[in-house]
Structures are given as C-alpha cells and as structure tokens.
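Following: one structure in structure tokens, then a few remarks.
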Amino acid sequence: MKLGVDRDHGLVSIIDGRVVPVGDVVGVPEGHTDPLLWLLAQDDRALRLAQAARETGGRDLIPASLAAPIARPPKVIAAPVNYLDHKLEMKEQSTIAQYGVFLKAPTSVIGPSGTIELPYSDMRIDQEGELGVVIGTRGRNIRQADALSHVFGYTCVLDISVRSTEDRSTRKSYDTFTPIGPWITTADEVPDPGKLDLTCSVSGELRQRASTADLIYDVALLIEYASSVMTLEVGDIIATGTPAGVGALTDGDVVRVEIESLGGFEVPVSAKNAIPYARRPGL
Ligand code: MN
C-alpha cells in the first residue's frame with residue numbers, strides 16, 4: 001500500500017496513479033495536521049480500514065498537490081558516508097563506525113509540493129538522494145535480525161547539505177532541506193530494501209545512480225546502530241546516506257529523486273531569500 005497526504009484531500013491511498021481519500025474511513029480527527037503520523041500511532045485496525053477503502057472511488061493524482069507524507073517526524077536520523085563511492089568523492093577517511101549518525105531538524109521536512117530554499121548565495125549547497133526508512137514500531141536496542149519488523153515503510157529523501165564547516169546537524173537542518181515523498185510505501189511491498197535502484201537528477205542531468213545493495217550500513221544495521229543510541233519512535237525517519245554524484249544546486253534548478261518500487265518526486269530550488277554566507281548572525 002502507498003499512503004500519502006494530499007493538500008486538498010488529506011490522508012490518501014495511492015493506487016494506479018489515482019488518490020483515494022481514506023481520512024474519513026480510518027477516523028482521522030478533524031483538522032489533524034499530520035494524518036499519516038496519526039495513523040501510524042493507531043492499532044492495526046485503522047490500517048486495515050485504509051486498505052479496505054482502497055478500491056472505492058479516487059481522483060487523479062496531482063503530484064504537485066502532495067504534501068510530505070509525515071509533516072513533522074519525531075526525529076530525522078541520518079547516515080553520513082554510507083556508500084564507498086561517496087566516501088571517495090568526499091575524500092572521507094571515516095564512516096558511521098567513526099562518525100555515528102546525526103540528526104536533522106524535523107522542521108526541515110517538506111513534501112513534493114514544497115520548494116528547496118537556498119539560505120546562502122555564495123556557499124555550495126548540494127543535493128543528496130537517499131532511501132528513507134519510516135519507523136512503525138517503537139524500540140531501543142533493536143537487533144539486526146528483528147530490525148525490519150520495526151519498519152512501517154519506505155520513502156524517498158533528499159538530504160540537502162551546505163558544504164561549509166559547521167556540524168552536519170547545522171548544515172543539513174535549514175528549513176526545506178529534507179524533502180520526502182512522494183508517499184510511504186508499506187514494508188510488505190518492499191521485501192528487500194537492500195536491492196533498490198535509486199536515481200537522482202538535477203534539471204534533467206542524471207547525477208546519482210546506485211543500488212541500496214551498496215550501502216555500507218544496510219537498513220537493518222542502521223536500525224540496530226541508531227537504536228543503540230536512542231529510542232526509535234513511531235514516525236521517525238532514517239535517511240540511509242547518499243551515493244556518489246552530489247553536486248551544487250542553483251536558483252531555478254529542479255531536483256528529482258526516484259527509487260525502484262517507491263516512485264519519485266521533484267522539487268524546485270529557489271535562491272530568492274539567499275544571503276551572503278558572511279552575513280549570517282554572529283560574525
Ligand atoms: Mn546524506
């Protein structure tokens with residue numbers, strides 16, 4: 001099942017290019033701003049109702065009308081340096097074994113209808129296409145062997161990154177720096193998250209093409225590692241890291257990320273609020 005959030009129709013199931021509103025049948029509270037996060041916190045019955053509603057009705061899918069499937073995840077955990085080819089291009093000596101994982105601000109999340117806003121006019125800011133894991137069952141000290149049972153589903157993530165000297169959590173936490181979507185594909189439709197082709201292009205130029213088979217820490221190991229540090233909560237998102245091919249974004253670009261079995265989406269890039277790097281506060 002593919003579950004998303006449409007700006008006009010709220011919680012939707014996506015079937016064959018159509019969106020089927022399911023908010024009413026599953027009982028999403030009126031005016032709830034994060035209906036899919038609400039659904040994840042319910043028992044299995046709500047999910048079964050969403051599944052049962054899938055064949056009834058539907059409207060044409062308008063990609064630009066989709067919001068982030070989860071607007072405010074409790075946490076966005078991200079993996080640095082998790083493909084060997086990206087490690088080489090960044091001339092990195094270390095991986096997660098030395099760096100651990102880092103956190104991105106939940107307020108950096110946008111959806112397919114959003115726009116990446118470049119904060120600086122004169123500092124390199126890159127795209128990073130990544131597989132995103134959505135946690136469905138809370139846990140701490142989760143073993144690799146049990147890890148995938150904690151996954152609700154998968155989504156595409158762009159981990160937008162300023163290439164300056166601050167810690168990763170700062171460089172990657174600007175508002176709009178975590179586009180996710182276009183929806184969440186439930187884990188039952190992704191039997192092996194370690195065998196997915198990923199592509200990322202910028203304004204029609206293919207920059208990244210990889211398989212999640214090349215992840216240094218695969219999904220299960222990332223869950224074991226991250227949950228050895230912090231409790232994983234329902235709705236947390238883990239960005240699994242990016243392959244080689246990161247590159248600078250400029251005003252007017254369009255970034256597209258696509259993952260096998262999950263679909264894809266694109267978002268524009270704007271520099272209209274960009275300031276010179278030297279004008280940031282505190283200098
Ligand atoms: Mn990344």
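Highest mobility in the GNM of the chain, judged by mean-square fluctuation with C-alpha springs under 10 Å and restricted to Val190, Val219, Val109, is found for Val190. Over every Cα atom in region 179-283, the radius of gyration and the widest Cα-Cα span, Dmax, amount to 16.7, 51 Å. Equivalent ellipsoid of the chain: semi-axes from √(5λ) of the C-alpha gyration tensor, largest first, are 29, 22, 17 Å. When the chain is treated as a GNM with alpha-carbon contacts under 10 Å, the residue of Ile110, Ile62, Ile259 showing the greatest mean-square fluctuation is Ile62. Under a model in which nothing but the beta-carbon of Lys, Arg (+1) and Asp, Glu (-1) is charged, the chain shows a dipole of about 600 debye around its Cα centre.
Taking all Cα-Cα distances within region 87-166, those exceeding 20 Å account for 50%. Three principal axis extents of region 142-235 based on alpha-carbon atoms, in descending order, are 38, 30, 24 Å. Its alpha carbons considered, region 1-123 gives a radius of gyration followed by a Dmax of 18.4, 53 Å.
Put a plus charge on the Cβ of each Lys and Arg, a minus charge on the Cβ of each Asp and Glu, and nothing anywhere else: the dipole of region 1-89 about its Cα centre is then about 140 debye.
Note on the chain: helix-only mean residue ellipticity at 222 nm, from DSSP H runs of 4+ residues weighted -39500 (n - 2.57) and normalised by residue number, equals -4000 deg cm²/dmol. The overall shape of region 27-68, judged from the alpha-carbon gyration tensor, is oblate: a/c is not under 1.5, and a/b is no greater than b/c. In this structure, the amide hydrogen of Gly247, modeled 1.01 Å from its nitrogen in the peptide plane, lies closer than 5 angstrom to those of Gln127, counting only residues at least 5 positions away or on a different chain.
Taking 22 Å as the limit for the C-alpha separation, the pairs Lys172/Lys195; Lys87/Lys272; Lys2/Lys195 exceed it in the case of Lys172/Lys195; Lys87/Lys272.
Our note on the geometry: Cα centres of region 138-214 and region 234-283, 12 Å apart.
Here, each number is a calculation from the coordinates, and none is a lab measurement. Everything numeric in this text was worked out from a predicted model, so none of it was measured. Every residue, glycine among them, receives a Cβ derived from its backbone with ideal geometry; neighbour counts consider all protein chains shown.
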